[in-house]
């Protein structure tokens, strides 16, 4: 089954009220915010990625979902497959670094053994406090679409991790993403909808628009690119399309009125309107959508 | 690393207060009780187990941890690897059955793809309400050790699932275990310590004793065996040792005064005393411990 088919089938089961119809970054239960993500060797991380980067990343990407809800971090549960001693110890070292960096505590978890020759499958569940952010379905017609920072760095970092030559800063963006926890907390009370950019700007923005029953237009020329990204990939149409369809950004994407005073830096990159679907412009010119909007699981 | 080494390393990290030192069936956070378990094809379930039994089992074993804390079920998050259509659909059917049977709701989760040839690794996180049961470290010298029902049926069912001939009731005990949620809820306010029997009666009882800083003696002759188990395996010393070292029972094991009036059926099978370690008797005779006390991950 595809992910979409499986989730559609799950939606026919008895859902908890806090599941938000399985359509948001995190669930809400008893004043807590909860999210879970699994990463698979060879799919979500490279077999030769440093284990300490893998553990950092699984913590960071889960906390990024809490950031999108403006939730304060309570802690995490780890589901870990034991393997060789050196890998396990290095994973633990990165895990400890990430917990310290994000003031996050270990709540629980479990360990399993995998049969010989199997790739690692690692799960993490993150729990936060109350989430002041609205659901991603809350965008309103007339809202602007905003993003908190540069797009494309993580995707470029993945290309560098796979062997291309490029700046260390991009590699770090891929290997050591930073969840925007304080930014999310400050933005949460002000925005109409918020999510993190994890699968790619275009696919994530189109998900917010679909959840909100709206159309969204994104101006490619307005999407902020880092100097490192421009040095690596250029700044032409193709480079911009590559940036907005790559994943691993972990910036916050939100809907809010275009004239709003914001407590953190953010860039207006598009607008919501009645209707449905995603449209792209490059400045004033309409441009066709790329065949692939982002990372589909 | 071994599981024990890994958990010892995790204990050096910043732990949440509700993690209970990573030494209990479930964590406590904000009035909720939370537990997580991963099951691996070929390790925790057989490749030819029916997918609907696998989904039933992952729900049941997680809810059994909530039962041990006397927590009411709130719901579960599922971490699921998509594979072939028929397997996924059958898994969903059993999942729906289990949710309905235990009045459990879906809170969230995620799906991943696994590389070709990879065994399935399925995770579940269960969340319950407030847990009135004490920690497993609460047993007191002089307490009796009690168990709510027959031991060994699940382990015998696993042997039948692997090809031996035996009663359907034992196979059902392995394939469709029942978490003792209402029993756990009734017992929780009365007991000094409680856990579920998942890895084997001897290893689980020795864990409760160690957590409580006590010695425990178990009388093999007092351990309740089902008629089906006796028909399948006999009732001699070897059959009793096999029963108390097999896993997959999901009975509740608890410490409480020997003369206590209990709200649910339970059998007194041992006693706690000052000291440390596990000792076995068979009636009045001391008997040696078997080399293996249960399932070690």
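One residue alone among B:165, B:147 is more than 9 Å from every other protein chain (Cβ to nearest Cβ) and without any contact (Cβ under 8 Å) to a residue 24 or more places away in the chain, and that residue is B:165. Before we move on, is residue B:214 buried (at least 17 other Cβ atoms within 10 Å of the Cβ) and more than 23 Å from residue B:70 (Cβ to Cβ)? It is false that residue B:214 is buried (at least 17 other Cβ atoms within 10 Å of the Cβ) and more than 23 Å from residue B:70 (Cβ to Cβ).
Scanning the stretch A:183-216 for residues that are in a loop (DSSP other than H, G, I, E, B) and at pLDDT 95 or above returns A:188, A:189, A:190, A:191, A:192, A:197, A:200, A:213, A:214. Looking only at residues in the stretch A:232-250 that are in a loop (DSSP other than H, G, I, E, B) and in contact with a helix residue (DSSP H, G or I) (Cβ under 8 Å, 6 or more places away or on another chain), which one is farthest from residue A:216 (Cα to Cα)? Step by step, filter the stretch A:232-250, then rank; the result is A:248. The numbered conditions (1) without any contact (Cβ under 8 Å) to a residue 60 or more places away in the chain; (2) under 16 Å from residue A:37 (Cα atoms); (3) in contact with a helix residue (DSSP H, G or I) (Cβ under 9 Å, 6 or more places away or on another chain) are all true for residue B:124 except (1). Applying the condition of being crowded, with 24+ Cβ neighbours inside 10 Å and within 10 Å of another protein chain (Cβ to nearest Cβ) to the stretch A:30-50 and asking which residue is nearest to residue B:114 (Cα to Cα) yields A:38. Would you check if residue B:115 is in contact with a strand residue (DSSP E or B) (Cβ under 8 Å, 6 or more places away or on another chain), free of Cβ contacts under 8 Å to residues at least 12 places away in the same chain and assigned to a loop (DSSP other than H, G, I, E, B)? Yes: the conditions hold for residue B:115. Counting residues in the stretch A:3-16 that are at pLDDT 95 or above, more than 8 Å from chain B (Cβ to nearest Cβ) and under 18 Å from the mean Cα position of the chain (by Cα) gives zero. For the stretch B:96-110, filtered to residues that are more than 7 Å from chain A (Cβ to nearest Cβ) and touching a helix residue (DSSP H, G or I) at 6+ places or on another chain (Cβ under 6 Å), the residue that is surrounded by the fewest Cβ atoms within 10 Å (Cβ to Cβ) is B:102. Residue count for the stretch A:19-29 satisfying the condition of being buried (at least 21 other Cβ atoms within 10 Å of the Cβ) and either on the phi > 0 side of the Ramachandran plot or within 7 Å of chain B (Cβ to nearest Cβ) (or both): 3. In summary, residue A:47 fulfils each of the numbered conditions (1) over 26 Å from residue B:40 (Cα atoms); (2) in a loop (DSSP other than H, G, I, E, B) with the single exception of condition (1).
Considering only the stretch A:268-297, state which residues are in contact with a helix residue (DSSP H, G or I) (Cβ under 9 Å, 6 or more places away or on another chain) and crowded, with 18+ Cβ neighbours inside 10 Å. Within the stretch A:268-297, A:269, A:270, A:272, A:278, A:280, A:293, A:294 meet the criteria.
Inside the stretch A:61-85, residues that are touching a helix residue (DSSP H, G or I) at 6+ places or on another chain (Cβ under 8 Å), surrounded by fewer than 24 Cβ atoms within 10 Å (Cβ to Cβ) and part of a helix (DSSP H, G or I) make up a count of 0.
A count restricted to the stretch B:1-35 and to residues that are touching a residue at least 40 places away in the same chain (Cβ under 8 Å) and farther than 20 Å from residue A:31 by Cβ stands at 5.
Checking each residue in the stretch A:30-60 for being at positive phi and out of contact with any helix residue (DSSP H, G or I) (no Cβ under 9 Å at 6 or more places or on another chain) picks out A:31, A:42. Filtered by the rule that a residue be away from every other protein chain (no Cβ under 12 Å), in contact with a strand residue (DSSP E or B) (Cβ under 9 Å, 6 or more places away or on another chain) and farther than 19 Å from residue B:125 by Cβ, the stretch A:51-95 gives A:53, A:54, A:57, A:67, A:68, A:70. Looking only at the stretch A:271-283, residues that are farther than 21 Å from residue A:141 by Cβ and either within 20 Å of the chain's Cα centre (by Cα) or assigned to a loop (DSSP other than H, G, I, E, B) (or both) come to 1 in all.
One residue stands out in the stretch A:222-238 among those that are within 13 Å of residue A:151 (Cβ to Cβ) and in contact (Cβ under 8 Å) with a residue 24 or more places away in the chain: the one that is surrounded by the most Cβ atoms within 10 Å (Cβ to Cβ), namely A:229. Of everything in the stretch B:111-130 that is surrounded by 21 or more Cβ atoms within 10 Å (Cβ to Cβ) and facing chain A (nearest Cβ under 7 Å), the residue that is modelled with the lowest pLDDT is B:118. Annotation note: of B:163, B:149, B:142, B:157, the sole residue that is in the same structural domain as residue B:276 (by TED's automatic domain parsing) and either crowded, with 24+ Cβ neighbours inside 10 Å or within 19 Å of residue B:52 (Cβ to Cβ) (or both) is B:157.
The values are calculated or read from the model by the stated rules, or taken from the named source; none is laboratory data. Note that the structure is a prediction, hence the values are computed from the model and not measured. Heads up, the Cβs are rebuilt from the backbone with ideal geometry, glycines too, and the neighbour counts pull from every protein chain shown.
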